[in-house]
Amino acid sequence: MRDRPGPTEPLPRPVVDTHCHLDVVDRELGDSPTPDAALAMAREAGITRIVQVGCDVASSEWAVETARATPEVIAAVALHPNDVPRIVARQGREGLDRALGRIEELATDAAVRAVGETGLDYYRTREPAEQALQHESFRRHIDIAKRLDRTLVIHDREAHADILRILEEEGAPDRVVFHCFSGDAEMARYCAEHGWYCSFAGVVTYKNANELRDALRVLPRDRMLVETDAPYLTPVPHRGAVNASYLVPLTVRAMADTRGEPLEQVCSDLWDNAMRAFGEW
């Protein structure tokens, strides 16, 4: 367990952390700040808006309650793809139907701007039958997002081809965000051509992430976002420590360097893109 990183130099313009888990505590990473402390530290670093993301019914309910009570926070609600097979194993198909019904109910709340994180994860879920359940859940989340006019936030881990195929088969919602984008330059171009957003986490600062930086370089200015995925994916030089929104400036500065663009311009672009992706708040 590493010490919590110290404060970061504030950005010249405010930026949105478009994917955060304020409610998650991972003691192996370190001492996570409380949600209130995390928000206060974020504001001091110039991170004045946060998208709080649910991964199951309980965390989605927490996200909605927090967004209702906190003006700088909006909520995203969903069943994480890795959780779907577990629900079916414990509660059967009826349990999955109940959970998806509750997610749809939550998604009608005005505090909710997005359905996610949903998608496919072939890194942790390898059994074909379990992957088939993820496919079903992903399709149902897409349907909810489209019917309720919510942004779709996608978790895509080692599943690029099937993610893109299902989006094509179902028809994508008007607004799509690839959370913690992990594709290459070709995929980034494909997403941009379809009007989708690619959100970059601290991974883009890692030494071995050259392919990801190539993807960032080819993205149009109006298609990129930034996130923490806190408490995970902490940027260099604090990789392996607990992450929080106040560390976003490290990722943003790395993004500006990678693209060869002025920091203030990148901050402005990231803010404007987040407001288009999720709506003003």
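None of the figures in this text is laboratory data; all of them are computed from the coordinates on show. Computed from a predicted model, the values in this text were never measured in an experiment. No Cβ is skipped: glycine too gets one built from the backbone with ideal geometry, and neighbour counts run over all protein chains shown.
Below, the figures for the structure above:
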{"read-out": "Expected 222 nm ellipticity per residue - DSSP helices of 4 or more, -39500 (n - 2.57), all of the chain, to 500", "value": "-14500 deg cm²/dmol"}
{"read-out": "Formal net charge of residues neighbouring Cys267 (Cβ-Cβ distance under 11 Å; K, R +1; D, E -1)", "value": "-2"}
{"read-out": "Radius 12 Å from Cβ of Arg68, net charge of other residues (Lys, Arg +1; Asp, Glu -1)", "value": "-3"}
{"read-out": "Kyte-Doolittle at least -1.0, axis length at least 27 Å by Cα - qualifying DSSP helices, the chain", "value": "128-148"}
{"read-out": "Zone of Asp149's modelled label, taken as backbone nitrogen in segment 43-73 under 16 Å from a point 7 Å along Cα→Cβ", "value": "none"}
{"read-out": "Phi to ³J(HN,Hα) by Karplus 6.51 cos²θ - 1.76 cosθ + 1.60 over segment 151-159, Hz, x for Gly, Pro", "value": "5, 9, 10, 9, 9, 10, 10, 6, 9"}
{"read-out": "Radius of gyration, Dmax [segment 18-278; alpha carbons; angstrom]", "value": "17.2, 52"}
{"read-out": "Nearest-0.05 FRET efficiency for His194 and Arg27, computed from C-beta distance (R0 30 Å)", "value": "0.15"}
